[in-house]
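Following: one structure in structure tokens, then a few remarks.
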Amino acid sequence: MTSADNPQAFKRDGRIVVVGASLAGLRAAEALRDEGFTGSLTMIGDELGEPYDRPPLSKQVLAGWVPAGGTALPRRRGIDAEWLLGVPASGLDLATKHVRLADGREVPFDRVLISTGVRARPWFVESEGALDGVFVVRTREHAESLQRALAAGPSRVLIIGAGFTGSEIASICRERDIPVTVAELGAAPLALALGAVIGEVAADMQRAHGVDLRCGVKVTRLEGDAQGRFRRAHFDDGSTIDADVAVVALGSIRNTEWLRESGLAAGVWGITCDTGCRALDINGRVTDDVFAAGDVARCPNPIYEYRLISLEHWANAVEQAEVAAHNMVSAQADRRPHLSIPLFWSIQFGVNIKSIGVPTFADEVVVIQGSLVDHRFVTAYGYRGRVTAAVSFNNGKWLDHYRRLIETAAPFPPPCPTPDRPTDMKPVPVDFPGPTLLAQGATAVVTGHDPGERRVTAVHQHRQEEGRTTATETPGTLQRIFDYSARADPYPLYAELRKTPVALQEDGSYVISTYREITDILNDPHLSSDVRNLSRPMPSVEGGGTSSFIHMDPPEHDRLRRMAMRHFGPPHTPGLVTGLEGFLTATVGSLIDGFAGKEQIDVVDDFAFPFPVTVICHLLGVPREDEPRFHLWVNDIMNSVDYNPKTDPKEKLDKGVQARKDLRQCLGGLVEQRHGRPGDDLLSRLANDDGPDGRMADAEIVATAKLLLIAGHETIINLIANGMLTLLRHPQVLQRLRDEPDLVVPLVEELLRYEPPVQIIPWRAAYSDIAVGDTVIPKGSQIMLMLASGSRDPKRFHDPDRFDPDRRDNQHLGFGSAVHLCFGGPLARRETQIALTELVRRLDRPRLVADPPPYRPSPVLRGPIHLDIEQGDG
């Protein structure tokens, strides 16, 4: 037993390291000493100097009321710590329990608290951001430099971004009688954080104070003079403006890059934690010796449906730090959760704005007290008929009242508690400009669900210093990838494509081909899977009928996925896959039995094609007598997916359309039969489930069943066929699998990286402008994601073109990433593991008849259309 297992011994002898000499870091250190911790305490910070307060930097410091050096955080008590300042952390080794520093030193720990916070998002063109007169505001040095520039009396200040920081700086400029232009890509200031109603009020407020407010425009270039001083800004509407100072206020980036290889669930939204501030690893498991607090932490909140929430709030940092400190030195039974309601405030243009709750977690808003015109009011936010947040303008004394309403899930809209009730209290849509209840620039955002509902994938933020991702037209490479001549080996072309990570095509679409950029955008809340968000119309991907949830965006996607996952895997149905093992093994054995006496077999037609249809039919509860029809329908649908109007008869397409219709009708009939007749099959459970999200409509159940049948079928065929082909090309590995059956688990993971069944996501839509590295992808653009290219990216994987089943670091893209991570992945993995193990064990000296084999036409769902092998003495 270690001292960490014995709270009293740990308090006396333990070693705690705090990475991030921030507000949260300091308050946690003080709380540790208050809790009786007398062991070793080390504070690591990337800035020189002890922790200081950041909210005054964009307020009192810029106004000249407080010097930047006067913002040091007051000490509540001595902490008796070793301070390692001016050297950032560069890595975290959980196995040896060391924090690596950028100067090569290693700091041992028993428990570590991560409070590295955020940094200002820089201007996307580094050379322009380096112009004299271009500023961001996050550190004391930033604020001090900008304050000097404002004191010099610039002719005009340009502020890029009208979130809270940008709006506060604009207010300071007008107080100092400095002409100011605010450029905001959205419809109004603060609209990304608080919605359209308050956005309109904020816009009126700024214009009334003389701000030149320009909404719906984008700054495309910052121009300097011969001496390197900022002089002019260019907008996407062709206009320009002359100014001496530009302030880039485009939000923040969470400081998690140093955790890239740590195995923690750390990415662009922060470090995923439980409510006790314990960090989770990339598979959703608690790491009991790693804690996080402050802006960098991302925790579930039961009031908001256990969704993970990232906060950049002063009060949250303090409260979270105290909870983390308590739990670091307490026994399991004595630990407590961090469940406070988010609170935020801002002062701008003479108005005190306060927020309680999470405004972005809402579908309606109502003015509940006061008057918008007078800039003195309270708005309440609601989600599905309950109060979730409130925002006040010069009326903050009532926020405790709304806190109680939020905590008790009071009905929305609530009654007005005062006589100043507006004459019209009709709720209106909250109108956030994003598809996922996520707002860039919001101070509190809903970023996902508890990792227990799905696997959490590591996400890495792009770092500009490692190279730009210039958008360049490279249509020739993409055309060659789609040409059938490249089907057998597209990987050299993927390597060529990766030279331009984000490539603009002649038709206005964008192709993304490198691992980091793919994972970044897959985790970007402004990436849409809904075809209706494309600027150019595209035919429905469903061919009629209700869309499956993979073609939806949150929150509707999340609702349907949760309902399906309740019956399809962990945590609600953890035994589903293991419970199918006997059936899977028997089905595989029966198919291989059919090879008896054959010297030549087709792995696709004789095995890989019938296997997954049989499994899914069994899972859904399709009667045995109907299975042959399902096999025929799936065959016709798959043939139509590869339809080429130039070479194929139209009958091929028509048969696919008819098969989809027949399949939909048959599944609809089966669902109707299941109502009131619960059984063990998936259709029965979905048809009779009244879970927390309600019950699926019949059309939604049919769409989910079709998704499982078609998508699962295609994935398994390609995975098994590509797997056998790869093993036959690597006979030593094939023999190892015969001798070491347990090798199949990492082997299938390597197959998903090396020869993935889904190579390309042919389209996603930019719901709004999306920044990927140095490239801004415009709203409505089609985005193509080259998953197979990302999984062979040498910047992410060592020796990526080598098939290595012993590869340890293998966070591949074979099943996608983020909210659309393949929800059938656990079943697909186990089907493939059993299939390959048994094929290798039972086939007698298998040999390829043709290499390369013939491939199916599709570059998206890439795999052999036939895989003929000989066995025995043939």
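The values are calculated or read from the model by the stated rules, or taken from the named source; none is laboratory data. Just so it is clear, the model here is predicted, and its values are computed rather than measured. Virtual Cβ from ideal backbone geometry, glycine too; neighbours counted across all protein chains shown.
Scanning segment 1-46 for residues that are over 30 Å from the mean Cα position of the chain (by Cα), of a type outside the set (Phe, Trp, Tyr) and part of a loop (DSSP other than H, G, I, E, B), we see that the one that is nearest to residue 98 (Cα to Cα) is 14.
Please verify whether segment 119-132 includes one or more residues that are part of a strand (DSSP E or B), within 17 Å of residue 20 (Cα to Cα) and not aromatic (Phe, Trp, Tyr). For segment 119-132, residues part of a strand (DSSP E or B), within 17 Å of residue 20 (Cα to Cα) and not aromatic (Phe, Trp, Tyr): present.
This table checks each residue for (1) under 27 Å from residue 589 (Cβ atoms); (2) in contact (Cβ under 8 Å) with a residue 24 or more places away in the chain.
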| residue | (1), (2) |
| --- | --- |
| 787 | no, yes |
| 797 | no, yes |
| 802 | no, no |
| 812 | no, yes |
| 816 | no, yes |
| 823 | no, yes |
| 826 | yes, yes |
| 830 | yes, yes |
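Checked against the criteria, residue 286 does not count as touching a helix residue (DSSP H, G or I) at 6+ places or on another chain (Cβ under 7 Å), of a type in the set (A, V, I, L, M) and surrounded by fewer than 24 Cβ atoms within 10 Å (Cβ to Cβ). When 160, 169 are screened for being within 22 Å of residue 52 (Cβ to Cβ), at pLDDT 90 or above and not assigned by TED's automatic domain parsing to the domain that holds residue 358, only 169 passes.
I'd like to check something: does segment 140-147 contain any residue that is surrounded by fewer than 19 Cβ atoms within 10 Å (Cβ to Cβ), charged (D, E, K, R), within 25 Å of residue 311 (Cα to Cα) and touching a helix residue (DSSP H, G or I) at 6+ places or on another chain (Cβ under 8 Å)? Taking every residue of segment 140-147 in turn, at least one turns out to be surrounded by fewer than 19 Cβ atoms within 10 Å (Cβ to Cβ), charged (D, E, K, R), within 25 Å of residue 311 (Cα to Cα) and touching a helix residue (DSSP H, G or I) at 6+ places or on another chain (Cβ under 8 Å). For residue 201, state whether it is more than 26 Å from residue 148 (Cβ to Cβ), among the aliphatic types (A, V, I, L, M) and more than 31 Å from the chain's Cα centre (by Cα). Spelling it out, residue 201 is indeed more than 26 Å from residue 148 (Cβ to Cβ), among the aliphatic types (A, V, I, L, M) and more than 31 Å from the chain's Cα centre (by Cα). Of all residues in segment 47-80, those being surrounded by 20 or more Cβ atoms within 10 Å (Cβ to Cβ), touching a residue at least 60 places away in the same chain (Cβ under 8 Å) and either part of a loop (DSSP other than H, G, I, E, B) or not aliphatic (A, V, I, L, M) (or both) number 3.
Residue 174 meets each of the listed conditions (1) buried (at least 17 other Cβ atoms within 10 Å of the Cβ); (2) within 17 Å of residue 232 (Cα to Cα); (3) over 31 Å from the mean Cα position of the chain (by Cα) apart from (2).
Yes/no per residue for (1) closer than 30 Å to residue 532 by Cα; (2) without any contact (Cβ under 8 Å) to a residue 60 or more places away in the chain; (3) among the small types (Gly, Ala, Ser); (4) buried (at least 23 other Cβ atoms within 10 Å of the Cβ):
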site: 724; (1), (2), (3), (4): no, no, no, yes
site: 739; (1), (2), (3), (4): no, yes, no, no
site: 752; (1), (2), (3), (4): no, no, no, yes
site: 763; (1), (2), (3), (4): yes, no, no, no
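Just for segment 511-570: of the residues that are among the basic types (Lys, Arg) and modelled with pLDDT under 80, which one is farthest from residue 658 (Cα to Cα)? That would be 566. Name the one entry in 100, 76, 54 that is among the basic types (Lys, Arg) and more than 34 Å from the chain's Cα centre (by Cα). Result: 76 is the single residue among 100, 76, 54 that is among the basic types (Lys, Arg) and more than 34 Å from the chain's Cα centre (by Cα).
To keep it simple, each residue is scored yes or no on (1) within 30 Å of residue 317 (Cα to Cα); (2) touching a Leu at 6+ places or on another chain (Cβ under 9 Å); (3) surrounded by 18 or more Cβ atoms within 10 Å (Cβ to Cβ).
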{"site": "105", "(1), (2), (3)": "yes, yes, no"}
{"site": "159", "(1), (2), (3)": "yes, no, yes"}
{"site": "167", "(1), (2), (3)": "yes, yes, yes"}
{"site": "184", "(1), (2), (3)": "yes, yes, yes"}
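Candidates in segment 804-845 are the residues that are of a type in the set (S, T, N, Q) and touching a helix residue (DSSP H, G or I) at 6+ places or on another chain (Cβ under 8 Å); of these, the one that is nearest to residue 737 (Cα to Cα) is 837. Before we move on, is residue 848 in contact with a helix residue (DSSP H, G or I) (Cβ under 6 Å, 6 or more places away or on another chain), farther than 16 Å from residue 587 by Cβ and surrounded by fewer than 19 Cβ atoms within 10 Å (Cβ to Cβ)? The answer is yes for residue 848. Restricting attention to segment 696-711, the residues that are in contact (Cβ under 8 Å) with a residue 40 or more places away in the chain, charged (D, E, K, R) and more than 19 Å from residue 629 (Cα to Cα) total 1. Tell me yes or no: at least one residue of segment 328-345 is among the polar types (S, T, N, Q) and surrounded by 22 or more Cβ atoms within 10 Å (Cβ to Cβ). So far as segment 328-345 goes, no, none of its residues is among the polar types (S, T, N, Q) and surrounded by 22 or more Cβ atoms within 10 Å (Cβ to Cβ).
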